[in-house]
1. Once R0 is set to 45 Å, what does the formula 1/(1 + (r/R0)^6) return for the Cβ-Cβ distance between residue 222 and residue 184, expressed as a FRET efficiency to the nearest 0.05?
2. Tell me, what is the 1.4 Å probe accessible area of residue 218, in Å² to the nearest 10?
3. Please enumerate, by chain and number, the lysines with C-alpha under 29 Å from the C-alpha of residue 194, excluding those fewer than 8 residues away in the same chain.
4. Compute the distance in nm between two label points, each set 7 Å from the Cα along the Cα-to-Cβ direction, one at residue 89 and one at residue 64.
5. Can you tell me, using C-alpha contacts under 8 Å and at least 6 residues apart, the relative contact order of the chain as a whole percent?
6. Report the residue, chosen from 131, 104, 214, that carries the largest GNM mean-square fluctuation when the chain is represented by alpha-carbon nodes joined by springs under 10 Å.
7. By per-residue mean of other Cβ atoms within 10 Å, what is the highest-first order of 149-162, 18-31, 105-118?
8. When the scattering of the range 3-68 is computed by the Debye formula from its Cα atoms alone, each counted once and equally, what is log10 I(q)/I(0) at q = 0.16, 0.18 Å⁻¹?
Amino acid sequence: MNIQQYYRKTADISINASLAALVPPFFFLLIFIKESQRTNLILFLIPFIIYSFLCHQIHLLNKQRAAEIVERNSNNSRQALLSLLCQSNLMIAFMPAPSLRMVLFDPEGRQVGEIRDMKMWKFRWFLPYFLDRLFPRRLGIYDYNNNLEASILIDRNGVDISFVKDSCKETIINKKDGSKLVYENGCDRYSIPKTFFHTDFQVLDEKSNRIARLRKGWMPLEWGQQFRDPNTPVLSFEEGLTAKEKLRIYAILATLFLYRNH
């Protein structure tokens, strides 16, 4: 999947949600059309109609974004596709999921990986997130070939990470330290200072050096040819990070963005 296909798929999901939201009002009108208390009925139906309208607008917006994408030919000027763990700059998009489906794109709009639920039980789509949190939340970090790089098990105390390459496991404990979120696994310590508008997340190591940064509202102009939403989150890694360190950061970000599009 590339970013144009993502916009098209999101547009299709939005129009389906818009139509589905009109089903309850339709049946309620058929059943209670002869009732005298029509004012109460209309008030009850207003949220469904507003939600349907908003979904339809999202459909139109993403359909327009897909149409505006600059098509690129496969020629020598196009960079080779790097693997997920070799990327330094990534764009993040979200799709509907029981807990999380974070799609990762390179600056040219090509999908390089994904973080998503490992089991998409159908009944979880209908649960409010405060009930879904009662179930084990196991996510997978996948590369562009859908190969599993690591699995994540999230609970209240932290994250259990199972690395596929060397078959080792580790636990990251999360806690609060003043205005910072702290993540520790015994040997390594990462912290994220809180931001008021949640538009700039900086991941710091134990020496308070920034090793990764996630920002919204900041994107180089040349990337805008592919990414039509100027608020697309941009994830940047500092040079020299190992594959395992990047996987830890992905796991930490997964905890921050759970139920982003439930």
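1. Numbers: r = 38 Å, r/R0 = 0.85.
FRET efficiency, residue 222 to residue 184: 0.70.
2. 110
3. Straight-line reach from residue 194, under 29 Å: 169, 175, 176, 180, 207, 216, 244, 246.
4. 2.6
5. Details: 439 pairs, mean separation 45.5, N = 262.
Once divided by the residue count of the chain, the mean separation gives 17 percent.
6. 131
7. Working: 149-162: 17.6, 18-31: 13.6, 105-118: 20.1.
Peptide ranking by packing, descending: 105-118, 149-162, 18-31.
8. The computed values of log10 I(q)/I(0) come out as -0.58, -0.66.
The values are calculated or read from the model by the stated rules, or taken from the named source; none is laboratory data. Since we're looking at a predicted model, the values are computed, not measured. Please note: Cβ atoms are built from the backbone with ideal geometry, for glycine as well, and neighbour counts cover all protein chains shown. Calculation scope for accessible area: heavy atoms of the full protein, side chains included, ligands and nucleic acids excluded. Shrake-Rupley method; radii C 1.70, N 1.55, O 1.52, S 1.80 Å.
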